[in-house]
Amino acid sequence: MAAFDGKVVIVTGASSGLGAAAAMKFAREGAKVVIAARREDKSLNVLKQIEAPVDRPADADV
């Protein structure tokens, strides 16, 4: 069982750098990851990398 199975983690600034790395790590540990960032295009790239299902992309000014 992964450390974050059944947990939801919100990561701000997740479109690049440390935020993206954190989002990917949480996903590998079993978390459902919600990412918040200003750049929707970069956010979608991160979500594709972690193979997260996306119902509707959203951007946020964080």
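Among the candidates PHE4, PHE26, single out the residue that is touching a Gly at 6+ places or on another chain (Cβ under 8 Å) and either under 17 Å from GLU51 (Cβ atoms) or part of a helix (DSSP H, G or I) (or both).
Every option except PHE4 fails the conditions.
GLU29 fails exactly one of the following numbered conditions: (1) at pLDDT below 90; (2) closer than 20 Å to ALA2 by Cα. What is the number of that condition?
(1)
Among the residues of segment 52-59, is any more than 24 Å from ALA2 (Cα to Cα), modelled with pLDDT under 90 and in contact with a Ser or Thr (Cβ under 6 Å, 6 or more places away or on another chain)?
no
The values are calculated or read from the model by the stated rules, or taken from the named source; none is laboratory data. Since the structure is predicted, the reported quantities are computational estimates derived from the model, not experimental observations. Here the Cβ is made from the backbone with ideal geometry for all residues, glycine too, and neighbour counts use every protein chain on show.
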